[in-house]
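Q: Below you'll find the structure I mean.
The values are calculated or read from the model by the stated rules, or taken from the named source; none is laboratory data. Just so we're clear, the structure is a prediction, and the values are computed from it rather than from any experiment. A quick note on method: Cβ atoms are made from the backbone with ideal geometry, for glycine too, and the neighbour counts reach across all protein chains shown. Just so you know, the surface numbers come from the protein's heavy atoms only, side chains and all, with ligands and any DNA or RNA stripped out. Shrake-Rupley method; radii C 1.70, N 1.55, O 1.52, S 1.80 Å.
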Amino acid sequence: MTVVGYTHVAMELWGCIFCLIAALCIYISREMFGKGDRLFMSLQITNAILLLCDSFAWIFRGNISEAGYYIVRISNFTVFVLGFVMLWIFTEYLATFLGQDTRALRIWKKGIQAMCLVGIITVVISQFNNMYYYFDDQNFYHRSDFFMVSQFFGIVGEAINGWMLIKHRKVLGKKMFRCFLTYIAFPVIAMGIQLFLYGIALLNIAMTMSLMLMFVFLQVERGRKLKEQAEMIIERERLLNDMRIKIALSQIQPHFLYNALNTIYYLCEKSPQDAQKAISDFSEYLRVNLDSLKRSTPVHFEVELKHTETYLALEKMRFDDILNVEYDIKTINFKVPPLSVQPLVENAVKYGIAKSAEGGTVTISTVELEDRYEIVVSDDGVGYDPVQIQDDGRSHIGIDSVRQRLEDMCHATLDITSTKGKGTRAVIRIPKMQY
């Protein structure tokens, strides 16, 4: 084998190693696997096998042993077939990025697939009639008269892919368009040169170079997207933390503090024992609100229910007989965001019961259904508009904030219906899938 031959084999073996390393890198990050990743990994592995087979064909050419006879023939056959396989895979890979399923795209893919099948069949036929290539008595490879036909399938296929790439370049964006263009341009140029320059497989080297560039580009793009996702997660966490702080602080409102302390002051003379209980409840209420600042995960419903009971106990001392509370708790085996039920109860008391001359009843109920848990907070007060109360000039938790935290932490929904003069009903639905 000549110096050119050794250089060629060395380049192909190094290309084979690179492709296998690239495929391994993609496989290691399989938790982020998509169809595109699987196809690109298939491209890398197929190209690695092709390069290895072509290296064997070069190493064993001129070897007239029985092993050399079969290795040269099998290797060359495999190289020709895998060239069409790679065209098939690349077409599927490009289609995944276009992200459309139009009739034109389906015709394009089926056309390329048909061309690849025809190409593979002709390679098989060539093993019997030497249409594309043949081997002499010394086991050397030679092109036949119809060799250019085998290259024609590849050139036309890549040309069609190039046309589709240019036509849909806006879908891909400039960077991705250039990335795909290298895989089409390099092999087509190499095939054109290879038609007239014999002695080195430029096509294999060109495909490997383009795959190297694509791999580097895709890794850079993946890193950029991961960085953006990390920044989005950090920003989302920051917003959630800010929301938790606002919620906890909004619950410690001046007017509520004044009302609670005035109630305790009044009870100190009227009923010291009740005053002592009120101080205990008030202390527990403040503790839970401040603890919620530290939490970024849901709490057991039992914890939220206890906090709600503490709040209602304080309000009960203030409103006395005009505030009635009923519980219909059928299940507690689920979690909710901290301070998600208590604000709904507070709105029921402040905007439903407290504004009714006759007072009313706040009812808290839970139920387990086949696919979800439901929490219902209802009252028979005067009714209120959940949107209007957010602009009443007071400091309190907005319904939208509660709804957002339910969605972020539990994928839950919050629906509120209210009828003037009849009351309000708030329903939290928590899907079981989160558990």
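Q: Take the conditions open to solvent by 60 Å² or more (accessible area, probe 1.4 Å) and within 33 Å of the chain's Cα centre (by Cα) and apply them to VAL303. Does it pass?
A: It is true that VAL303 is open to solvent by 60 Å² or more (accessible area, probe 1.4 Å) and within 33 Å of the chain's Cα centre (by Cα).
Q: Output the number of residues of the stretch 345-370 satisfying the condition of being open to solvent by 10 Å² or more (accessible area, probe 1.4 Å), of a type in the set (A, V, I, L, M, F, W, C) and modelled with pLDDT of 90 or more.
A: The number of residues fulfilling the criteria is 2.
Q: What residue, of ILE21, ILE49, ILE45, is in a helix (DSSP H, G or I) and without any contact (Cβ under 8 Å) to a residue 24 or more places away in the chain?
A: Working: ILE49 fails: without any contact (Cβ under 8 Å) to a residue 24 or more places away in the chain; ILE45 fails: without any contact (Cβ under 8 Å) to a residue 24 or more places away in the chain.
Among ILE21, ILE49, ILE45, only ILE21 is in a helix (DSSP H, G or I) and without any contact (Cβ under 8 Å) to a residue 24 or more places away in the chain.
Q: Another question, if that's okay. Can you say whether GLU315 is without any contact (Cβ under 8 Å) to a residue 40 or more places away in the chain, under 36 Å from the mean Cα position of the chain (by Cα), open to solvent by less than 50 Å² (accessible area, probe 1.4 Å) and closer than 21 Å to ARG425 by Cβ, as far as the supplied structure shows? First the steps, then the outcome.
A: Details: without any contact (Cβ under 8 Å) to a residue 40 or more places away in the chain: yes; under 36 Å from the mean Cα position of the chain (by Cα): no; open to solvent by less than 50 Å² (accessible area, probe 1.4 Å): yes; closer than 21 Å to ARG425 by Cβ: yes.
When the stated conditions are applied, GLU315 does not pass them.
Q: Further, regarding this structure: Answer yes or no: is there a residue in the stretch 43-51 that is surrounded by fewer than 14 Cβ atoms within 10 Å (Cβ to Cβ), within 30 Å of ARG178 (Cβ to Cβ) and of a type in the set (Val, Ile, Thr).
A: No, the stretch 43-51 has no match at all.
Q: Here is a further query. Quick one: is GLY68 open to solvent by less than 40 Å² (accessible area, probe 1.4 Å) and under 26 Å from GLY34 (Cβ atoms)?
A: Numbers: open to solvent by less than 40 Å² (accessible area, probe 1.4 Å): yes; under 26 Å from GLY34 (Cβ atoms): no.
Criteria not met by GLY68.
Q: If a residue counts only when it is open to solvent by 20 Å² or more (accessible area, probe 1.4 Å) and of a type in the set (Phe, Trp, Tyr), which helices (runs of 4 or more DSSP H) contained entirely in the stretch 114-224 have at least 1 such residues?
A: Those helices (runs of 4 or more DSSP H) span 147-167, 174-194.
Q: Also: I need every pair where a residue in the stretch 319-333 that is over 12 Å from THR361 (Cα atoms) has its Cβ under 7 Å from the Cβ of a residue that is open to solvent by 60 Å² or more (accessible area, probe 1.4 Å) and assigned to a helix (DSSP H, G or I), sequence separation at least 6 or different chains.
A: Sorted first by the residue in the stretch 319-333, then by its partner, the pairs are ILE332/GLU302.
Q: So, SER280, is that one in contact with a His (Cβ under 9 Å, 6 or more places away or on another chain) and either at pLDDT 80 or above or part of a helix (DSSP H, G or I) (or both) or not?
A: The answer is no for SER280.
Q: Say whether the condition of being open to solvent by less than 10 Å² (accessible area, probe 1.4 Å), at pLDDT 90 or above and within 23 Å of ILE279 (Cβ to Cβ) is met by at least one residue in the stretch 324-343.
A: Looking for residues that are open to solvent by less than 10 Å² (accessible area, probe 1.4 Å), at pLDDT 90 or above and within 23 Å of ILE279 (Cβ to Cβ), one finds none in the stretch 324-343, hence no.
Q: Let me ask something else. Those residues that are farther than 14 Å from LEU51 by Cα, assigned to a helix (DSSP H, G or I), of a type in the set (Val, Ile, Thr) and open to solvent by 20 Å² or more (accessible area, probe 1.4 Å), I need them from the stretch 72-111; list them, please.
A: Result: ILE89, THR96, ILE107.
Q: Starting from residues that are of a type outside the set (A, V, I, L, M, F, W, C), modelled with pLDDT under 75 and surrounded by fewer than 17 Cβ atoms within 10 Å (Cβ to Cβ), keep the ones in the stretch 288-300 and report whichever is farthest from ASP320 (Cα to Cα).
A: SER296
Q: While we're here: Would you please list the contacts, defined by Cβ atoms under 9 Å and residues six or more apart or on different chains, that run from a residue in the stretch 210-234 that is of a type in the set (Lys, Arg) to a residue that is at pLDDT below 80?
A: Within 9 Å, the pairs are ARG222/SER29; ARG222/MET32.
Q: Give the stretch 383-418 a look and list any residue that's open to solvent by 70 Å² or more (accessible area, probe 1.4 Å), over 22 Å from ARG238 (Cβ atoms) and modelled with pLDDT of 85 or more, or say none.
A: Listed by number, the residues that qualify are ASP415, THR417.
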